[in-house]
Each structure stands twice: as structure tokens, then as C-alpha cells.
Amino acid sequence: MKNASLQSPGVLAIGSSKKGENSYSHHLDSDIGVSVVDRFTFHTLAFFEKLNMYSNASLNSLFNSYDPSMLLSTAYYRMDLYERALNEVPVTNFFGSVMKTIHTDSAYTGFLAAREVETPLSMRNNILGAAMLQNEASTRRSNIEKMKEAQLRSNGWTETLLEGKNSDTVVMYGLGAMGVLLAISTWLSM
């Protein structure tokens with residue numbers, strides 16, 4: 001299956017499904033109600049997580065790892081424009097990277113997390129520079145904590161829910177708000 005519109009030599013193309021198939025989602029985040037990753041991407045990441053940075057895995061081993069029964073589709077690759085044999089091409093030629101990842105359990109405050117600062121070589125021996133970087137990182141962390149507390153305290157509803165008191169009042173306000181929304185939506189639909 002060739003695409004006449006793509007004629008660049010040295011191009012290797014891969015798709016998550018063949019024409020007429022779908023690339024299904026793998027799982028969703030129930031907090032936001034949205035699928036977060038498709039099956040093809042999930043299984044590609046799983047393949048790479050099994051490797052280390054010195055692995056000699058080839059593109060052929062990556063493509064052979066795609067199981068149609070797990071993907072619920074057929075991953076397809078086009079290599080008629082690519083001159084090299086897939087078993088001779090390390091996946092690191094395409095996807096090589098080494099980076100530190102920071103796991104967070106929070107879906108929303110992950111963007112506020114203090115960044116890890118890589119110290120440049122010129123500053124590694126500079127004690128004053130290192131102290132300044134540490135001070136900046138600790139200031140960021142304390143500012144993030146203050147922002148989180150301010151967000152929680154700025155909303156009276158949140159504070160009432162966290163205290164666990166007056167739960168009947170919260171339920172009554174919730175029912176009242178739902179009644180108002182129902183009345184407005186009924187009025188607008190007429």
C-alpha cells in the first residue's frame with residue numbers, strides 16, 4: 001500500500017491502524033472523564049520502558065511488539081522509501097533520549113511542581129552559585145505550598161467540605177443549585 005503523495009527518500013512511516021480500522025483508547029482518567037492515551041501509544045511506551053539506554057533493540061523488534069489483539073487494530077509501517085533493513089536500525093536512532101521524570105499523583109498541581117535545576121558545569125565548583133540555586137528551589141516550593149493553601153481557602157464550599165461540618169447545609173445548597181439549573185434549562189428549551 002503506497003501513498004503517491006509521499007515520495008521523500010529515507011522516510012519511514014508508521015501508523016497506529018490500517019485504513020478502515022480505528023486506533024482505540026487504552027484507558028481514561030476518571031477525574032476528568034477523558035481518554036489519556038491510545039492503545040498504540042501505550043504499547044509503544046511499554047516497549048521503551050523495558051529498554052535501558054544501552055539496549056540494541058531494533059525498529060524491527062518495536063514493530064514486532066505490536067500485537068493486533070492488544071491494539072484492537074493493525075499497526076502498519078511503510079518502508080518502501082527507507083533503504084536500510086529494519087533489523088539493522090536501532091530504535092535509539094529515532095527515539096533516543098535520556099531524561100529524568102518526576103511522578104506526581106496530582107492531576108492539576110503537577111504543573112506547579114518545583115523544577116529540578118541542572119547545575120551548569122561552570123557553577124558546580126562555585127559554592128555561592130549552588131547555594132543560590134538551592135535557595136531559589138526552596139523559595140519556589142514554599143510559594144507553591146502557599147498557592148495551594150490559598151486556593152483551598154479561597155473557596156468557602158471547599159472549606160466547608162474539608163471541615164466535614166454542616167454537610168446537610170452543603171447538600172441543601174447543592175439540591176437548590178440543581179433545581180435552579182433545571183428550571184433555567186427547561187425554560188431555555190421551550
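Things worth noting here:
- Spin-label pair Leu45-Leu181: with each label point 7 Å from Cα along the Cα-Cβ axis, the two points sit 3.0 nm from one another.
- Sites listed here are chymotrypsin sites (Phe, Trp or Tyr not before Pro) in the range 1-82 whose DSSP assignment is loop and whose Cβ has at most 14 other Cβ atoms within 10 Å: Tyr24, Tyr54.
- Computed over the range 13-95, Cα set: Rg, Dmax in Å: 14.2, 46
- For Val37, the amide hydrogen comes within under 5 Å of the amide hydrogens of His26, His27, counting only partners 5 or more places away or on other chains and with H modelled in the peptide plane.
All of the numbers you see were taken from the coordinates with simple rules; none came from a lab. All values reported here derive from a predicted model rather than from experimental measurement. Neighbour counts run over all protein chains shown; Cβ positions are idealised from the backbone, glycine included.
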